[in-house]
Amino acid sequence: MANINYAFKEISCKIVYYGPGLCGKTTNLQAIHAGVPPKFRGELVSLATEQDRTLFFDFLALDLGEVRGFKTKFQLYTVPGQVYYNATRRLVLRGVDGIVFVADSRPESMEDNRESLANLRENLESYGLNLDAMPWVIQYNKRDLSNVVAREEMEAILNPDQVPSQEAVATKGIGVKETLKAIAAQVLRRLSEMTESTAASGSALERKAAERQVLRSQKVSITAAASETRPPAPTPTVATEQPPPPPAVAAPQPPPAPPPKVEPAVAPARARVELPDLHVLQKCDLRWRGFRVGNAVVEISRRSTADRKFLYVLNCQTTTCLGLFRNAWECALEWSGEETKVVDYQTVPFYALRRVVSHQKGEGYVCIWVKNAFDKACYVSYPAFWGMVRLTPAGRGWFQ
Amino acid sequence: MPLIMTKADADSIQKLVVDLLQKTKARCVVLVDQSGRCVAHADSSEKFDVDALAALIAGSFSSTRALAGLVGETEFFSLFHQGENKRIQNIVVDNDRLLSVVFDQRATVGRVRLCAETTAERLAERFRQIAQRKTTDECLPRESLVEDTGKRLDQIFEP
């Protein structure tokens with residue numbers, strides 16, 4: 001997410017160099033570091049192994065000074081390219097504004113290029129981002145080698161949508177500046193478009209909802225085949241998963257009356273909120289009327305069933321009364337939509353899951369609230385024979 | 001959507017950061033967003049590479065958050081680094097921002113943590129207000145900014 005400070009006239013953008021291992025991402029930054037005078041850049045920070053393989057990230061700050069009245073800065077990052085560093089790559093992608101995909105032009109690396117590009121899309125989707133909806137460019141590196149794949153062939157395989165591309169020899173600094181110029185132009189253009197439309201609409205929240213809708217409709221078209229989407233809002237997602245996405249994709253297609261479609265499209269999009277890819281595991285206190293009576297280990301997960309439905313499962317092991325009573329139980333939960341709850345005197349949105357359970361004293365609800373996918377916490381209340389008992393994330397208070 | 005701050009926002013945030021620096025007699029206070037950008041900073045006579053500091057703090061916190069997930073925690077709300085002469089106290093402000101205080105033996109850990117937590121709460125409230133408010137009418141000069149940035153990149157790359 002870029003920063004624009006109109007008060008101090010500053011723009012700050014994050015650009016990530018992505019690609020398979022040993023494709024030349026770090027070499028790009030080294031070339032920029034070598035080619036730019038110190039007053040326009042910071043030091044190159046490299047978190048790497050002894051063999052100079054990137055372990056976490058490389059970082060270089062570029063300060064272009066004042067451009068059209070705005071102090072313009074770029075934060076350039078690289079990610080570790082090796083396959084098993086995927087969790088780290090995802091962390092570095094947080095808040096990205098533009099991506100340079102560095103492809104290795106050697107024939108034996110084409111499969112790695114494809115996998116890395118697919119991995120990039122997956123990691124962006126974990127943040128709700130769509131590669132095709134954000135600024136990115138491709139750099140075909142190592143063009144000085146004797147046996148490289150023809151550019152046309154690489155374009156056909158890696159760049160069917162014809163994003164800007166550049167040939168490069170990063171070890172010699174060739175093409176590095178041009179790549180940076182291309183991505184900088186895309187990022188700034190995109191940033192300007194966003195600020196223009198926000199100023200025109202006069203409401204940041206409306207714009208955000210509209211952008212989310214655009215991204216969601218794009219995401220639906222991309223992930224429909226992957227069968228990860230769920231049906232639109234009103235019915236619980238236990239219903240069919242596969243059939244609804246094609247109608248959802250087809251719905252925006254008919255040209256007549258797109259403006260009226262925007263409003264009804266926004267409402268179901270908000271109602272059918274992205275379901276979290278859940279796996280929450282936490283230790284909690286058990287509290288009854290504010291008094292701690294024990295502790296619990298709570299695990300909530302989402303599983304696909306044989307008929308392509310989604311099943312939420314709660315597994316709970318409780319210990320109460322100084323360890324005298326131990327209990328373990330598991331139950332299936334239903335998705336109940338979004339709710340807001342007051343926690344620690346703040347109104348917080350949750351994903352609500354519910355289950356009616358039979359109990360010694362009759363039927364009661366198991367209610368679980370799970371916070372958003374990036375800040376998972378679960379709050380559970382279930383009926384016990386001495387009254388409603390709540391499980392809370394330890395140390396964070398308890399919901400009311 | 002980019003974070004857009006007006007002058008009043010920037011001034012109030014900067015004031016909170018400077019107040020924290022003075023109260024704690026710290027060497028440097030940095031407000032970082034979780035993508036590694038420095039949102040605001042204040043330092044004393046000793047100067048630090050604030051951009052690199054921000055990137056590394058955010059990286060450190062991201063990996064710590066992932067660690068927390070692995071051991072069953074939602075997150076670790078504070079992170080403390082201790083060196084021979086300098087210490088760094090990091091506090092979570094909200095989902096997107098971190099507050100980092102670099103200090104030495106002139107300040108005590110307890111006081112720094114107490115003041116930093118108070119400042120973090122005020123900053124979180126300020127950012128909530130920024131997010132909820134209607135945005136400014138200002139916008140960026142699109143094509144001229146893009147064109148001039150390209151020319152500037154041409155100028156700064158040494159032949």
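We did not get these values from a lab; they are worked out from the coordinates using the rules stated. What you see is a predicted model; the values in this text were computed from it and never measured. Quick reminder, even Gly has a Cβ in these numbers, built from the backbone with ideal geometry, and neighbours come from all protein chains shown.
Averaged over B:50-60, how many beta carbons belonging to a partner chain fall within 10 Å of each residue's beta carbon? Don't skip to the answer; put the middle values down first.
Details: counts 2, 12, 8, 1, 3, 13, 5, 0, 7, 10, 2.
Mean shielding by partner chains, rounded to a whole number: 6.
Among the listed pairs A:Lys73/A:Lys142; A:Lys14/B:Lys15; B:Lys23/B:Lys47; A:Lys39/B:Lys47; B:Lys15/B:Lys47, those with a Cα-Cα distance over 22 Å are A:Lys73/A:Lys142; A:Lys14/B:Lys15. Find the centroid of the Cα atoms in the range A:119-155 and in the range A:40-116, then give the distance between the two in whole Å. Centre-to-centre (Cα) distance: 13 Å.
Take peptide A:36-47, look around each residue's Cβ out to 10 angstrom, count Cβ atoms belonging to other protein chains, and average those counts.
3
Each Lys and Arg contributes +1 and each Asp and Glu -1, all at the Cβ; summed about the Cα centre of the range A:42-110, the dipole is approximately 320 debye.
Scanning chain B for chymotrypsin sites (Phe, Trp or Tyr not before Pro) in DSSP loops with at most 16 neighbouring Cβ atoms within 10 Å leaves B:78-159 as the longest stretch between them. Sorted fewest first by neighbouring Cβ atoms within 10 angstrom, A:Glu108, B:Glu75 come out as A:Glu108, B:Glu75. Stokes-Einstein diffusion of the range B:1-122 at 10 °C, 1.306 mPa s viscosity, Kirkwood radius from Cα pairs, rounded to a whole number: 109 µm²/s.
Judged by the mean number of other Cβ atoms found within 10 Å, the most tightly packed of the peptides A:313-324, A:12-23 leads the ranking A:12-23, A:313-324. Residue by residue along A:168-179, Cβ atoms of other protein chains within 10 Å of the local Cβ number 1 on average. In chain B, taking the dipole from charged Cβ atoms about the Cα centre, the farthest positive-side position among B:Gln82, B:Thr24, B:Val39 is held by B:Thr24.
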